[in-house]
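Engineer: Would you mind keeping the following structure in view while I ask a few things?
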Amino acid sequence: MSGCSCHQHDQHEHDHHGGDGGIHARETWSLALSGALIVSGLVLRALGIGPALLAPLVFGAAVIAGGWMLVPSAWSALRRVRPNISLLMVTACIGAAGIGEWAEAATVVFLFGVAEWLEGWADRRAHRAVRALLDLAPPQASVRRDGKQVEVAVEEVSVGENVSVKNGMRIPLDGRVVGGCSTVDQAPITGESIPVEKEVGDEVFAGSINGDGALEIEVTKPAGNSTLARIIRLVEEAQENRAPTQRFVDVFARYYTPAVAIGAVLVFLIPPLLQLGPWSVWAYRACALLIIACPCALVISTPVSIVAGLTALARRGVLVKGGAHLEALGQLRAVAVDKTGTITLGRPRVHEVLSVADASERDVARIAAAIDANSTHPVARAVVDYAIEHQIADGGARDHQTSSGRGAAASIDGHRYFVGNHRFTHELGVCSTQLERQLDEMENRGRSVVVVGHQPHDDCAGEVLGVLAVGDTVRPDAREAVAMLHRVGVRHVVMLSGDNSRTAHAIAEEVGIDDVRGNLLPEDKVRAVRELRERYGTVAMVGDGVNDAPALASATIGIAMGAAGTDTAIETADVALMNDQLGRVAEAVALGRRTLGIIRFNIGFALALKALFLALAVLGYTSLWLAILADTGATLLVVANALRLLRHEPNS
């Protein structure tokens, strides 16, 4: 496959998993045919239908159908004298066929093919994720040229030109506000849960969404160097440069295959040369050694364990895109998590209503909801939702007037009221020393404040009636999910957030996270993940947004919050939590550890059994039929042990 694969063991081993849809289709049909032939062969053998050779022929066809893609990789490994899992698979298949165990050979090839197919499928999705990023920024921009507004392709806009962005439109290019004020939803780029106020002099990013006000923006970067373009490059570079996750059986195959071959040659040559017996005796014993060493039980322990582990997690809504990722989950030492949409729900809600003057809390909420009823701002919607939830009647606001990026005012029951942010209270001259302390305290807890009061007139200084504290909502299971990660052996949990540091620290403290870093752009998150990899080796990144995609691709394991996450995050990640339950990450880690443990145990058990029979073979105390029995028995036992993963319980 192409160099961006994070799963490939080397270029030659996985060429058949490339982006070519035709090759993938052939693999899919080949595996389906192989599985059908295996079932047919088992039925023929069980019912005794047809001549004796019919079932072996059907199994042989299943081997060819499911194993043709292994041969190029195995041959390449043999030529380069670099044994790999494909060479070990071919060796096992030839050995099983040589002793007449065609059903075993076909099953080994089929299960291994399924595991490899899953990895190829995941790699192709990663490529589509990069293309999906291109749709975030509009292809054209409205530019002022010669006193007129003209629509031109973003690639044709020069640095220094001014572009106009109407309310509700996506910003086409990175720039600086030179006219107007508005709130801008930067969640696609920075992950901030609440829109950010923008006025003259503030920076804006391509791909972010303008709010209620119109903006005039001076372009500061060409289209090819925008923050969004850098995100795309970061994803591509991360996929190109991320070291492949090496499966345990690959490392094992590198040493086992040549050791067995050399051992058989030595058994055949050395004893006769030392006059310890005739050549025919030692040739028979060398043959028995090769049969006993046939790695069927060894290689089948991995695909069966992987398929069982993937199935067990899929039942719990955790989609793991390949066996290498499941094994890597079992080795995790650190986990980085995004804030918005991961630790929090990404939906602002009213957490507190404070009455400052004589008005009751219900009156404060009623006035705020009445003025915000026609606004699409997320904070305004949170205020309206609060009023609906608490059955607070709409106050019937009239003569609505908006101050972009600050607040709004309206008449209710013949009186003029306003709602606005902290800055708006200073502009209106109604922020007292006591109110300043209260607002600062709320903001230090990561809340956005909505101040409600009488609109000042020339003959009236105005009065603040109350304050609503609005903030993102922590997932109900977030604290327990973090605790579960620590219980399953994750040593360090860190939050990487594009939100301001004050909000990020408040959320992290609430859920028990070890470390927190705020105000991070996508490239900052990538650097943080790389630092964690240098320190801990195996690191997971959990996120849900476009801004998380580069970090997801840079981590050893990228985990996306599937149901709420963006398509880009889901397709870039190696694991998707389809039910958005953060606690499933700890379950996946626990099952990954158990899967890796079972694979290692199975290989150790098979090796110990083979070592015993190898010693007996060399000493002449065993025969070929006992060697066959040992290999078949070991295969059945490791399969049974691997299938226990299907009964995995979260706390087991």
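Engineer: Looking at segment 431-527, what helices (runs of 4 or more DSSP H) fall wholly within it and have at least 1 residues that are of a type in the set (S, T, N, Q) and more than 20 Å from the chain's Cα centre (by Cα)?
Structural biologist: 433-444, 501-511
Engineer: Looking at ALA469, ALA478, ALA504, which one is touching a Gly at 6+ places or on another chain (Cβ under 6 Å) and either among the charged types (D, E, K, R) or in contact (Cβ under 8 Å) with a residue 40 or more places away in the chain (or both)?
Structural biologist: The match here is ALA504.
Engineer: On to the next question. With the checklist (1) modelled with pLDDT of 85 or more; (2) out of contact with any Gly (no Cβ under 7 Å at 6 or more places or on another chain); (3) not hydrophobic (A, V, I, L, M, F, W, C) in hand, flag the one item ARG584 doesn't pass.
Structural biologist: For ARG584, the failing item is (2).
Engineer: State all residues of segment 524-551 that are of a type in the set (A, V, I, L, M, F, W, C) and surrounded by fewer than 24 Cβ atoms within 10 Å (Cβ to Cβ); if no residue qualifies, say none.
Structural biologist: The one that is of a type in the set (A, V, I, L, M, F, W, C) and surrounded by fewer than 24 Cβ atoms within 10 Å (Cβ to Cβ): ALA528.
Engineer: Given the conditions (1) in contact with a Pro (Cβ under 8 Å, 6 or more places away or on another chain); (2) farther than 26 Å from VAL350 by Cα; (3) among the hydroxyl-bearing types (Ser, Thr, Tyr), and given that SER554 satisfies all but one, which numbered condition is not satisfied?
Structural biologist: Answer for SER554: the failing condition is (1).
Engineer: Let me ask something else. Within segment 306-345, track down each residue that is surrounded by fewer than 23 Cβ atoms within 10 Å (Cβ to Cβ) and closer than 30 Å to VAL451 by Cβ.
Structural biologist: Of everything in segment 306-345, just one residue is surrounded by fewer than 23 Cβ atoms within 10 Å (Cβ to Cβ) and closer than 30 Å to VAL451 by Cβ, namely LEU345.
Engineer: Next question. Determine, yes or no, whether GLY414 is buried (at least 24 other Cβ atoms within 10 Å of the Cβ) and of a type outside the set (A, V, I, L, M).
Structural biologist: So GLY414 fails the test.
Engineer: Just checking, which of LEU607, LEU637, LEU646 is modelled with pLDDT of 75 or more, touching a Phe, Trp or Tyr at 6+ places or on another chain (Cβ under 8 Å) and surrounded by fewer than 23 Cβ atoms within 10 Å (Cβ to Cβ)?
Structural biologist: LEU637
Engineer: Here's something else I'd like to know. Take THR556 and tell me if it is modelled with pLDDT under 85, buried (at least 24 other Cβ atoms within 10 Å of the Cβ) and in contact with a helix residue (DSSP H, G or I) (Cβ under 9 Å, 6 or more places away or on another chain).
Structural biologist: no
Engineer: So, one more: Return the residues of segment 131-174 that are within 28 Å of THR572 (Cα to Cα), touching an Asp or Glu at 6+ places or on another chain (Cβ under 6 Å) and either modelled with pLDDT of 90 or more or in a helix (DSSP H, G or I) (or both); say none if nothing qualifies.
Structural biologist: Residue satisfying the conditions is ALA132 alone.
The values are calculated or read from the model by the stated rules, or taken from the named source; none is laboratory data. Small disclaimer: the values here were computed from a predicted structure and weren't measured. We place every Cβ from the backbone using ideal geometry, glycine too, and count neighbours over all the protein chains shown.
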